[in-house]
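Okay, structure first, notes after.
The values are calculated or read from the model by the stated rules, or taken from the named source; none is laboratory data. As the structure is a computational prediction, the values presented were derived from the model and not from experiment. Please note: Cβ atoms are built from the backbone with ideal geometry, for glycine as well, and neighbour counts cover all protein chains shown. The accessibility values were calculated without ligands, DNA or RNA, using every heavy atom of the protein model including side chains. Shrake-Rupley method; radii C 1.70, N 1.55, O 1.52, S 1.80 Å.
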Amino acid sequence: MFNPSREQVRRFFCEAWRKHRQRLVLEGAEVVAADLIVHHPEYHSLLEDPAILEREFTPEGGQMNPFLHLSLHLAVAEQISIDQPPGIRAAYQALRARLDVHAAEHAILECLGETIWRAQREGGALDGAAYLDCVRRAAGS
């Protein structure tokens with residue numbers, strides 16, 4: 001399993017955005033990352049600032065960590081593409097019946113964030129069934 005460092009994640013998103021802006025060839029997950037960034041204009045100037053690599057984002061600061069947010073989006077995109085956990089793709093399609101792509105992804109992202117938070121708080125593994133139930137509830141199915 002790939003477990004990148006904080007610096008590697010940050011450099012990945014900044015580099016994907018730089019390559020997109022310069023119309024260079026994007027490779028692999030950079031394609032998805034650049035598309036996600038396009039849909040988050042609030043992050044564009046941040047990702048163009050070299051100081052972002054060292055910046056701390058805390059809940060007390062009142063701003064969502066853009067790297068966490070984009071990473072969750074990337075995880076959701078991957079989950080939908082491979083239907084893992086099984087049923088996530090169908091739940092996503094149900095969300096898409098009433099929401100645009102980005103809003104549907106955000107609904108799933110909320111459930112994923114909550115699932116990760118619970119696992120960290122309880123010191124256990126991610127509860128895939130609870131995660132999928134949350135997404136299905138959000139989809140109304």
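Structure notes:
- Each 5 Å bin from zero up to the one holding the largest Cα-Cα distance in segment 33-80 carries the following percent of pairs: 5, 19, 29, 26, 15, 6, 1.
- The long axis of helix 128-139 is offset from the longest Cα principal axis of the chain by roughly 90 degrees.
- Solitary cysteines of the chain, where the nearest other Cys Cβ is not under 4.7 Å: CYS14
- Percent accessible area from carbon and sulfur atoms, the chain, protein chains only, probe 1.4 Å: 55
- Checking (1) 38, 15, 11; (2) 26, 19, 14; (3) 20, 18, 15 against the coordinates, the calculated semi-axes √(5λ) of the Cα gyration tensor in Å falls under label (2).
- Degrees, to the nearest 10: 66-82 long Cα axis against longest axis of the chain: 50
- Of the GluC sites (Glu not before Pro) in segment 18-95, those whose Cβ has at most 14 other Cβ within 10 Å and which sit in DSSP loop: GLU27, GLU48, GLU54, GLU56
- Average accessible surface for segment 1-140: 60 Å² per residue, computed with a 1.4 Å probe over protein heavy atoms with every protein chain in place.
- Sites VAL31 and GLN63 - FRET efficiency at Förster radius 30 Å, r taken between beta-carbons, to 0.05: 0.70
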